Amino acid sequence: MKLKLLLFFLLILMSVPNNFGQSAEIKRIPDAKTPEFKFIGYWYTRGTASNIAPTNDLLRGQIIGRLFGPNTTNTHAKTSSYFEQRFVPMFIYSPQILDGTATFRSLFKIDMTWGDAAYGVGGNNGGGINAGQVNLQTLLANVDIKPKGSSWNVVLGLQRMFDNVRDPNQNAVGTFQNSSYKLSYWGTQGVGISLFGNINETTTARLGYFQLYENIIQENDDVTLWMLDVESKIHPLVEVGADVWFLWDRGKSSGGISVLGQGLNSGLAQYNGAVRLSFPTNKYEADILWIGGHAAYNREFLSGRWWIDGYAIANLGTIDTLSDQSTPGKYADILGVAANASVSYKYGMTANDKISLETQFTTGDDNGANDKKVSSVITGNIWGSPTGIYSSHKALLLFPDPQVVNRYYSAVHDISNMGFGVTAGFLSVSKDLIPNKLSGKLGLATALSNVAPKDGGSYMGTEVNVEFKYNIKVFLTLGISAGYLKLGDFYNAPSVKYDNVTGKPKDPFVIFTSLSWLMF
């Protein structure tokens, strides 16, 4: 009888959970659901001291373009000092009901200089007392369609327009700055349709269509761009690619930013330091083709201590001018070439322990289209601002530095160098003084104009720069940077300075501190 009672109680105990959380049946904890809504943000603030400032009071807000150019930037005896800040939020929505087939992305930007303006409407302002500025700028608004199990995806709407085969929604901006054409030609955003995908296990491709300008909808006066890019890993550490882009320009110089217009004969091209051509009439039509190839070994130090890459690309096409009766007539042929090569050696244990050498070359032209031939390089800076943002060189003043908010200018702001062409070299040495915590960089950059301007020489100048970056926490970085540019006899030419100012300008310098935070 006692044995039966004992067995009975044992059965009861086995069927009821005990106080220690154990039970006869083990229950599985379900996996957390992937959130439908994601936020990524970027905060950047900068305090600057420099002898560079515009002479036009109307251009003291946002300044883009070539140093000493139509943006009226010049060097002065007095030192300018100011603070700026930028906030860039991105919102990503991928509803679970669609099982990842569709994703919406939007990206905005709020820029301001401390103390600039308040209670107004317009971007790049809002730092005045009381704030209250309507200043939200839309940079991205697109839908990404990728059927389940597919190796292809389609992006529709306002998206990043980069000179690269990779999907900008899936790769960091730093990758684009250091691969393919390094954003030298196209590094902005635009509306269109892009198809990204894998042709096979080692080959990827991008086919894109972008509407740069839609003027009068019933007229043949638009500017459109088609892009075809292919890249293949022929070896685990070696990638090669080929690219073909075609631009159909029927804008007839209309549209564009403010009164500058857009196109080959626009003030915008001159403002950006790109080649600006002059025609017998104000209107023109152009068909422009870019054909290029690029290669890289051990990109981003994937395996080993050497990283080598380079590209070569040619732009060719025709320009037709229009008479008052809008009858096109061939005016000039286009053929320009650009090449870039870089080699880096990682001598230490971190990615910052490296020495890098880079060269940039573009063909030049000494008479524009007057001889019916255009030999200079043509980039997206002719149709937008800023569009070509070459920045892998790590210079601060000679070529564009992307660590900016409202003031983005440099001596060679477009790789065409106003159509004169350029040969440039860059050397930088960096080291982690405290591994993954404190890093330093020393840089040297120099440039020659391949065509000398009238009354000026070929030597543009030499820059020396230094930077220190301290990682307070992951993706939260404090920095201090300084650069000095010794100008050459190129700037003896009145034609390369705003309003043909005589005499060589004072050498520019810049010192700035920064705080950046990438938020997840």
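Summary of computed values
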{"read-out": "Residue match in the range 284-296 (condition: out of contact with any His (no Cβ under 8 Å at 6 or more places or on another chain), hydroxyl-bearing (Ser, Thr, Tyr) and within 26 Å of Lys373 (Cβ to Cβ))", "value": "yes"}
{"read-out": "Asn125 vs. criteria surrounded by 15 or more Cβ atoms within 10 Å (Cβ to Cβ), out of contact with any Lys or Arg (no Cβ under 8 Å at 6 or more places or on another chain), among the polar types (S, T, N, Q) and farther than 19 Å from Tyr209 by Cα", "value": "yes"}
{"read-out": "Pair list, Cβ < 8 Å and 6+ apart or interchain, from the range 297-322 residues that are assigned to a strand (DSSP E or B) and modelled with pLDDT of 95 or more to residues that are loosely packed, with under 15 Cβ neighbours inside 10 Å and among the β-branched types (Val, Ile, Thr)", "value": "Tyr297/Val238; Ile313/Ile291; Ala314/Ile291; Leu316/Ile291"}
{"read-out": "Residue in the range 163-184 that is buried (at least 20 other Cβ atoms within 10 Å of the Cβ), within 21 Å of Thr318 (Cβ to Cβ) and in contact with a Phe, Trp or Tyr (Cβ under 6 Å, 6 or more places away or on another chain) present", "value": "no"}
{"read-out": "Near pairs, Cβ below 7 angstrom, 6+ apart or cross-chain, from the range 399-428 (touching a residue at least 40 places away in the same chain (Cβ under 8 Å) and farther than 17 Å from Val464 by Cα) to any residue that is charged (D, E, K, R) and in a loop (DSSP other than H, G, I, E, B)", "value": "Gly419/Asp365"}
{"read-out": "The range 371-382 - residue that is assigned to a loop (DSSP other than H, G, I, E, B) and surrounded by 13 or more Cβ atoms within 10 Å (Cβ to Cβ) and, of those, farthest from the chain's Cα centre (by Cα)", "value": "Ser375"}
{"read-out": "Subset of the range 490-509 [in contact (Cβ under 8 Å) with a residue 40 or more places away in the chain and either under 27 Å from the mean Cα position of the chain (by Cα) or buried (at least 16 other Cβ atoms within 10 Å of the Cβ) (or both)]", "value": "Phe490, Tyr491, Ala493, Val496, Lys497, Tyr498, Pro505, Asp507, Pro508, Phe509"}
{"read-out": "Filtered residue count, the range 182-198, keeping only those that are farther than 11 Å from Gly380 by Cβ and hydroxyl-bearing (Ser, Thr, Tyr)", "value": "1"}
{"read-out": "Strands (runs of 3 or more DSSP E) contained in the range 131-208 and holding at least 2 residues more than 19 Å from Met90 (Cα to Cα)", "value": "152-162, 187-198"}
{"read-out": "Residue list for the range 65-80, restricted to those being in a strand (DSSP E or B) and in contact (Cβ under 8 Å) with a residue 40 or more places away in the chain", "value": "Gly65, Arg66, Thr73, Asn74, Thr75, His76, Ala77"}
{"read-out": "Qualifying residue in the range 386-403 (condition: out of contact with any Gly (no Cβ under 7 Å at 6 or more places or on another chain) and not in a loop (DSSP other than H, G, I, E, B))", "value": "no"}
{"read-out": "Filtered residues of the range 244-262 (kept if in a loop (DSSP other than H, G, I, E, B) and modelled with pLDDT under 90)", "value": "Gly251, Lys252, Ser253, Ser254, Gly255, Gly256, Gln262"}
{"read-out": "Test: residue in the range 265-283 that is in contact with a strand residue (DSSP E or B) (Cβ under 8 Å, 6 or more places away or on another chain), surrounded by fewer than 21 Cβ atoms within 10 Å (Cβ to Cβ), over 25 Å from Leu442 (Cα atoms) and aliphatic (A, V, I, L, M)", "value": "no"}
{"read-out": "Residues located in the range 192-230, provided they are of a type in the set (A, V, I, L, M) and either touching an Asp or Glu at 6+ places or on another chain (Cβ under 9 Å) or more than 19 Å from Phe246 (Cα to Cα) (or both)", "value": "Ile199, Ala205, Leu207, Leu212, Ile216, Ile217, Val223, Met227, Leu228, Val230"}
{"read-out": "Qualifying residue in the range 356-368 (condition: crowded, with 22+ Cβ neighbours inside 10 Å and of a type in the set (A, V, I, L, M))", "value": "no"}
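The values are calculated or read from the model by the stated rules, or taken from the named source; none is laboratory data. It should be emphasised that the depicted structure is a prediction, and the values quoted were computed from it without experimental measurement. Positions of Cβ are generated from backbone atoms using ideal geometry, with glycine treated the same way; all protein chains shown enter the neighbour counts.
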